[in-house]
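K.L.:
Mind looking over this structure? Questions follow.
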Amino acid sequence: MRITQQALLLALSACVLGCTPVAPWQRGKLAKPQMALEPYLLQNTLQAHIYNSREAAMGGNSAGGGGCGCN
């Protein structure tokens, strides 16, 4: 029980220490396209559409069509 509490305290402190204020002059670096989770959003969306259409099954991103590319 004590080890579990220590592990939980360690994880919680790691999460809290990861939060830090960002100065206004540093925000420009974080707003760069390279910092985005998906820097090529349109390309990823089109590839997901093509993949779901080819699979002809219900996908996680959208409902797949009949394999012809039409939904």
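K.L.:
Return yes when Ala36 is within 21 Å of the chain's Cα centre (by Cα) and not acidic (Asp, Glu) and no when it is not.
P.N.:
Answer is yes for this residue.
K.L.:
Now a separate question. Condition check: surrounded by 11 or more Cβ atoms within 10 Å (Cβ to Cβ), at pLDDT below 80 and in a loop (DSSP other than H, G, I, E, B). Does Gly65 satisfy that?
P.N.:
Yes: the conditions hold for Gly65.
K.L.:
Another question, then. With a cut-off of at least 1 residues that are surrounded by 10 or more Cβ atoms within 10 Å (Cβ to Cβ) and at pLDDT 85 or above, name the helices (runs of 4 or more DSSP H) lying wholly within the stretch 1-56.
P.N.:
Filter on the stretch 1-56 gives 2-17, 41-55.
The values are calculated or read from the model by the stated rules, or taken from the named source; none is laboratory data. Please read these numbers as outputs of a predicted model, since none were measured by experiment. Heads up, the Cβs are rebuilt from the backbone with ideal geometry, glycines too, and the neighbour counts pull from every protein chain shown.
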